[in-house]
Amino acid sequence: GSTIGIIGGGQLGRMLAMAAARLGYRTVVLEPQADCPAAQVANRQITAAYDDAAALAELAAASAVVTYEFENVPVVSATALAAKVPVYPPARALEVSQDRLAEKNFLNGIGIPTADYCPVDNDGELTAALKKFNGSGILKTRRMGYDGKGQRVFRNMETGGFAGTCEAMGNVPLILESFVAFEREISVIAARGLGGGLAAYDPAENVHRNGILHTSTLPAAIRPETAAVAQAAAAKILTALDYVGIIGVEFFVLADGSLLANEMAPRVHNSGHWTEAAATASQFEQHIRAVAGLPLGSPARHSDCVMENLIGDDILRVPALLAEPDLMLHLYGKAEARPGRKMGHFTRVSRRA
Ligand code: ATP
Ligand code: MG
Ligand code: MG
């Protein structure tokens, strides 16, 4: 079989490499950190920075197609690669999802509503923006945030004392979002194939702990119409970006069942890990199928399930988890269990009648 290039060597790259192997492909991973989770299962690692020109040339030469496992792949790297080899998802998807302002402009531009938002570059702009949002909101770094990092919450009509906030946030471009009183959070994992075909999984209901995804539950406690709206929004995004591969789109569900999009990730997504245990084709297989130009698999869900992340010391639960029936365990091969580090996940499956 031919070789698929993967930029990024974390657990998502690892699971992509496993799915690629199962479909008969070889994989080569570009990742600066040696013995990374993905390199433990890929055929080969190019150990270099994501923007190393020689490494990118080597990756292009070795690969029939290149994909990636994280949204902060330098756009210049994706563009340089794309001159030599197909790169999926397209670089435009990276551009849009790397900057929360560009992302929200894009979503609203194609008719997908988000929370109100306002770019903030200094304490004066923050004061003005908070006034506009009646003193509450979430201030986020526009770039590089994940697991709730780079965020600060303002509540209860705060009207002053903002001096130094932007400096404390690192003097980087920021965005203030209005605070959404959501009833629950859901996400849709969806794929678009090389021929334009679409496949969306059932929405997952997500609960976060300390800013990190804790559980994803299927089915989500939402009406079928709400699920359909979320899936249609994901499909609209995929088509608008001429996308190939898996995308993850997060939504807030309001009390009346309406949705606001929160953010999107141009890659396989933590809230889609349940698919390996309860769907015919996992998100990882689906992504490999899409970027390799194969027909998409079925996203049909055969079981109800709850996926839970193993963070840091949660790894000590492994012996007890192994004793449970109807539980699929997936560990990432990380030697050291640091606080907040994603070590693995498991999915409890309950078959439907
Ligand atoms: P991820 O790890 O999912 O990439 P992130 O660091 O990019 O997370 P967000 O998804 O933007 O951050 O926010 C993290 C969580 O904070 C959300 O899942 C939600 O629970 C809460 N949150 C974010 N924005 C808002 C908002 N505007 N109103 C209310 N809650 C919010
Ligand atoms: Mg995010
Ligand atoms: Mg998020």
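Some observations on this one:
- When Glu250, Glu263, Glu225 are checked against the criterion of being of a type in the set (Asp, Glu), in contact (Cβ under 8 Å) with a residue 24 or more places away in the chain and either farther than 23 Å from Ala93 by Cα or in contact with a Pro (Cβ under 8 Å, 6 or more places away or on another chain) (or both), Glu225 stands alone in meeting it.
- In segment 68-92, the qualifying residues are those that are touching a strand residue (DSSP E or B) at 6+ places or on another chain (Cβ under 6 Å) and of a type in the set (Val, Ile, Thr), and the one that is farthest from ligand 3 (Cβ to nearest atom) is Val85.
- Against the numbered list (1) surrounded by fewer than 23 Cβ atoms within 10 Å (Cβ to Cβ); (2) more than 16 Å from ligand 3 (Cβ to nearest atom), Ala191 comes up short only at (1).
- Cross-chain or 6+ apart pairs with Cβ under 6 Å, segment 107-128 first and at pLDDT below 95, then surrounded by fewer than 15 Cβ atoms within 10 Å (Cβ to Cβ) and not in a helix (DSSP H, G or I): Asp123/Ala163
- Qualifying residue in segment 167-180 (condition: over 30 Å from Gly124 (Cα atoms) and within 16 Å of ligand 3 (Cβ to nearest atom)): no
- Taking segment 295-336 as the range and being in a loop (DSSP other than H, G, I, E, B) and crowded, with 16+ Cβ neighbours inside 10 Å as the test, the residues that pass are Leu296, Gly297, Pro299, Tyr332, Lys334.
- Residue list for segment 250-286, restricted to those being within 11 Å of ligand 1 (Cβ to nearest atom) and touching a helix residue (DSSP H, G or I) at 6+ places or on another chain (Cβ under 9 Å): Glu250, Phe251, Ala261, Glu263, Met264, Ala265, Arg267, His269, Asn270
- Boolean, Glu205 is of a type in the set (Asp, Glu), over 20 Å from His302 (Cα atoms) and out of contact with any Cys (no Cβ under 7 Å at 6 or more places or on another chain): no
- Those strands (runs of 3 or more DSSP E) of segment 8-104 in which 2 or more residues are free of Cβ contacts under 8 Å to residues at least 60 places away in the same chain and not hydroxyl-bearing (Ser, Thr, Tyr) occupy 26-30, 44-46.
- Among the residues of segment 197-241, not one is at pLDDT below 95 and more than 30 Å from Ile311 (Cα to Cα).
- Asn43 vs. criteria buried (at least 16 other Cβ atoms within 10 Å of the Cβ), modelled with pLDDT of 95 or more and among the polar types (S, T, N, Q): yes
- Enumeration of residues in segment 244-279 that are part of a loop (DSSP other than H, G, I, E, B), within 15 Å of ligand 3 (Cβ to nearest atom) and β-branched (Val, Ile, Thr): Val268
- Checked against the criterion of being within 14 Å of ligand 1 (Cβ to nearest atom) and assigned to a helix (DSSP H, G or I), segment 119-130 contains one or more residues that satisfy it.
- Of all residues in segment 134-152 being assigned to a loop (DSSP other than H, G, I, E, B), more than 10 Å from ligand 2 (Cβ to nearest atom) and in contact with a helix residue (DSSP H, G or I) (Cβ under 8 Å, 6 or more places away or on another chain), the one that is farthest from Asp99 (Cα to Cα): Ser136
- Among residues of segment 187-214, those that are in a strand (DSSP E or B), near ligand 1 (Cβ under 10 Å from one of its atoms) and touching a residue at least 60 places away in the same chain (Cβ under 8 Å), counted: 5
- Any hit, segment 218-229, residues being on the phi > 0 side of the Ramachandran plot and either surrounded by 18 or more Cβ atoms within 10 Å (Cβ to Cβ) or of a type in the set (A, V, I, L, M) (or both): no
The values are calculated or read from the model by the stated rules, or taken from the named source; none is laboratory data. This structure is a prediction, so every number in the text was calculated from the model and none was measured. All Cβ positions, even for glycine, are placed from backbone atoms using ideal geometry, and neighbour counts span all protein chains on display.
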